[in-house]
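Written below as structure tokens is the structure these notes are about.
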Ligand SMILES: C[S@@+](CC[C@H](N)C(=O)[O-])C[C@H]1O[C@@H](n2cnc3c(N)ncnc32)[C@H](O)[C@@H]1O
């Protein structure tokens with residue numbers, strides 16, 4: 001009981017606008033936890049004091065430092081729902097999506113406690129297999145899922161990776 005409450009208590013969400021996930025996370029962790037959300041777009045503030053919302057580019061090292069400072073210790077969960085603005089050029093969009101995935105992996109490796117969890121949006125593309133291989137090397141369990149709400153024909157998938165190995 002104590003362990004599971006602790007497991008869910010500190011979360012970082014990358015790509016949090018307009019804020020649905022942050023609101024759910026804030027309720028799940030409760031006042032004793034902490035939720036930090038960041039997006040390029042400014043989010044409307046939430047009433048809960050345990051939620052910190054930042055506006056900025058999550059791939060920027062300065063933002064990573066800011067999040068680390070707000071956290072003040074390791075996180076239990078990193079969520080990344082980041083998606084690039086689409087240009088319509090397949091190669092460009094795939095490369096941008098992959099850059100966001102890799103940034104999320106850096107957050108997971110540097111912010112999560114050992115045993116921590118990452119939920120990561122990954123678009124199917126040329127480097128998809130490579131990202132999965134990196135995740136398998138970093139986490140004990142890696143599962144791919146496609147929510148029912150995902151549009152037909154969309155390349156969007158989510159990877160649920162648990163048990164961060166010591167890095
Ligand atoms: C699908 S939406 C996220 C929805 C959100 N999870 C929710 O619950 O409302 C994807 C978001 O990723 C953000 N994003 C894209 N690139 C980003 C970056 N480099 N840094 C931070 N956010 C980024 C976009 O601005 C966009 O709001």
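General remarks:
- Acute angle (nearest 10 degrees) that the helix 128-138 long axis makes with the longest principal axis of the chain, alpha-carbon atoms: 30
- Relative contact order of the chain: 19 percent, from C-alpha pairs under 8 Å at least 6 residues apart in sequence.
- Kirkwood radius for the chain, taken over all pairs of different Cα atoms as the inverse mean of 1/r, rounds to 16.2 Å.
- For region 10-88, taking Cα atoms only, Rg and Dmax work out to 12.1, 43 Å respectively.
- Helical content alone sets the calculated 222 nm signal of the chain at -11000 deg cm²/dmol, taking -39,500 (n - 2.57) per DSSP H segment of four or more residues and averaging over every residue.
- Label-to-label distance for residue 42 and residue 149 is 2.6 nm, based on points extended 7 Å past Cα in the beta-carbon direction.
- Compared with the dominant Cα axis of the chain, that is its longest principal axis, helix 61-71 is turned about 30°.
- Alpha carbon centroid spacing (whole Å) that separates region 74-146 from region 42-67: 19
- Nearest-ten-degree value, helix 90-111 long axis tilted from longest Cα axis of the chain: 30
- Using the alpha carbons alone, the radius of gyration of region 81-141 stands to its Kirkwood radius in an Rg to Rh ratio of 0.99.
Every number here is computed from the coordinates shown, using simple stated rules; none is lab data. Quick caveat: nothing in here was measured; it's all calculated off a predicted structure. Neighbour counts run over all protein chains shown; Cβ positions are idealised from the backbone, glycine included.
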